[in-house]
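For reference, the structure is listed below as structure tokens.
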Amino acid sequence: MKQDFLIITGANGQMGSYLAQYPGLKEYPKLLLYYKRSDRLQDIKDNEQHMKLSCDLMDADAISAALNAAKQHFGGNATRLIHAAAIRSSDSKSVAECDVEFFSHTIDVNLIGSLNIIKALLPEMKARAFGRIVLFTSVVTQTGLAYGAAYAAAKMAMVNLAKSIALENAADNILINCLSPGPIECDLETDYQGGYLKFRQDYFEAYKQKTPTRKLISKAELALLCNVLLSDELGNLTGQEIIINGGSL
């Protein structure tokens, strides 16, 4: 039986791996794209509901090959995307001190990686007159990020990329929206170390102290929002940045 499928990028990340197993998304067969590590996906086996593939989103040919493999596997097309892949400004340096090459790399991987995966999907979505795209951006689009300007700049660029894509494709029933959460509940120690771990820990604690709910953003809340944004029932919600920040103004 032919089945159109959902793509989750960054599927081995803490958010991506949660989405891969979230019950609310179980109706969608899933292509789970990861970069190098797949340890958080080890309990998910390739079957009629799942396919796992390593893919560098900076390589358009690799994306094309992954899509072709998934179409063979599921027998349908990619009509939905949750783009959760990201890298951060892990040098945690000020703009005055930053390395321009590293700054550029952070922007390229976040922005051009987003462009590459969306560009690969749009022709088939347009042919089907249906598409749902969710981009994970960040609350730093509203606030900036001291010692993380490259990440903040990349996420703001992604928001405006989404707004442009929405304008170009809304008439074809292709809807694209951004989720911009504050810090997400996660185990920082498994992904970071040294000075950058301390930077992330301090940032998370400062966020909790200043946000009205005094809480980090839960993965369950974000998964619920993804489920809504992927729905067939939507017709007009597109080109929006949805801010999840515990009530901060």
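Read the figures in this text as sums done on the coordinates, not as results from a lab. Keep in mind that this is a model prediction, so the values were computed, not measured. Methodologically, a virtual Cβ is constructed for each residue, glycine included, from the backbone with ideal geometry; neighbour enumeration extends over all protein chains shown.
What percent does the relative contact order of the chain come to when contacts are Cα pairs within less than 8 Å and at least six residues apart? Before the final figure, lay out the partial values.
Numbers: 436 pairs, mean separation 46.4, N = 249.
In percent, rounded to a whole number, it is 19.
Can you give the % of DSSP beta bridges in the range 3-244 that are antiparallel, to the nearest 5?
Around 0 percent antiparallel, to the nearest 5.
Which far-off residues, 5 or more places away or on another chain, put their amide H under 5 Å from the one on Gly75, with H placed in the peptide plane?
Close amide H contacts, sequence-distant or interchain: Gln3.
Taking Rh as the Kirkwood radius computed over C-alpha pairs, what is the Stokes-Einstein D of the range 116-158 at 25 °C in a medium of viscosity 0.890 mPa s, expressed in µm² per second?
Working: Rh = 12.1 Å.
The calculation lands on 202 µm²/s.
Amide H neighbours of Leu175 under 5 Å, counting only residues 5+ apart in sequence or on other chains, H built in-plane at 1.01 Å?
Gly131, Arg132, Ile133
Under the Karplus relation 6.51 cos²θ - 1.76 cosθ + 1.60, θ = phi - 60°, what is the ordered set of whole-Hz ³J(HN,Hα) values for the range 68-78, x standing for Gly and Pro?
So the J values, rounded to whole Hz, are 5, 5, 5, 5, 5, 5, 8, x, x, 10, 7.
Rank the residues Thr79, Thr9 as a footprinting-exposure proxy: fewest other Cβ atoms within 10 Å of their Cβ go first.
Going from least to most buried by this count: Thr79, Thr9.
With θ set to phi - 60° and the Karplus curve 6.51 cos²θ - 1.76 cosθ + 1.60, what are the ³J(HN,Hα) couplings of the range 227-232 in order, to the nearest whole Hz, using x for Gly and Pro?
Using θ = phi - 60°, the values come out as 4, 5, 5, 8, 5, 4 Hz.
Please express the Cα-Cα pair-distance distribution P(r) of the range 113-212 as a list of whole percents, one per 10 Å bin, running from 0 to the bin with the greatest distance.
For the range 113-212, the binned pair fractions read 14, 37, 27, 17, 5 percent.
For the chain, set up a GNM with springs between Cα atoms under 10 Å and report which of Ala220, Ala154, Ala86 has the largest fluctuation.
Ala220
For the chain, report the translational diffusion coefficient in µm²/s to the nearest whole number, using Stokes-Einstein at 25 °C, 0.890 mPa s, and a Kirkwood Rh over Cα pairs.
Numbers: Rh = 18.5 Å.
Rounded, D is 133 µm²/s.
If I build a Gaussian network model for the chain, linking alpha-carbon pairs within less than 10 angstrom, which residue out of Leu161, Leu230, Leu111 has the largest mean-square fluctuation?
Comparing Leu161, Leu230, Leu111 in a Gaussian network model of the chain, the most mobile one is Leu161.
Connecting C-alpha atoms closer than 10 Å in a GNM of the chain, tell me which of Leu216, Leu19, Leu135 has the biggest fluctuation.
Highest fluctuation of the listed residues: Leu216.
Run lengths n ≥ 4 of DSSP H only: what is the helix-derived mean residue ellipticity at 222 nm for the chain, with -39500 (n - 2.57) per run over all residues, to the nearest 500?
Taken over the chain, the calculation gives -12500 deg cm²/dmol.
Output ³J(HN,Hα) for the range 172-188: one whole-Hz value per residue in order, computed from phi by the Karplus curve 6.51 cos²θ - 1.76 cosθ + 1.60 with θ = phi - 60°, and x for Gly and Pro.
Calculated HN-Hα couplings, in order: 9, 6, 10, 10, 9, 9, 10, 9, 10, x, x, x, 9, 3, 6, 9, 4 Hz.
List the residues whose amide H sits under 5 Å from the amide H of Leu6, counting only those 5 or more places along or on another chain, with H placed 1.01 Å from N in the peptide plane.
The answer is Lys30, Leu31.
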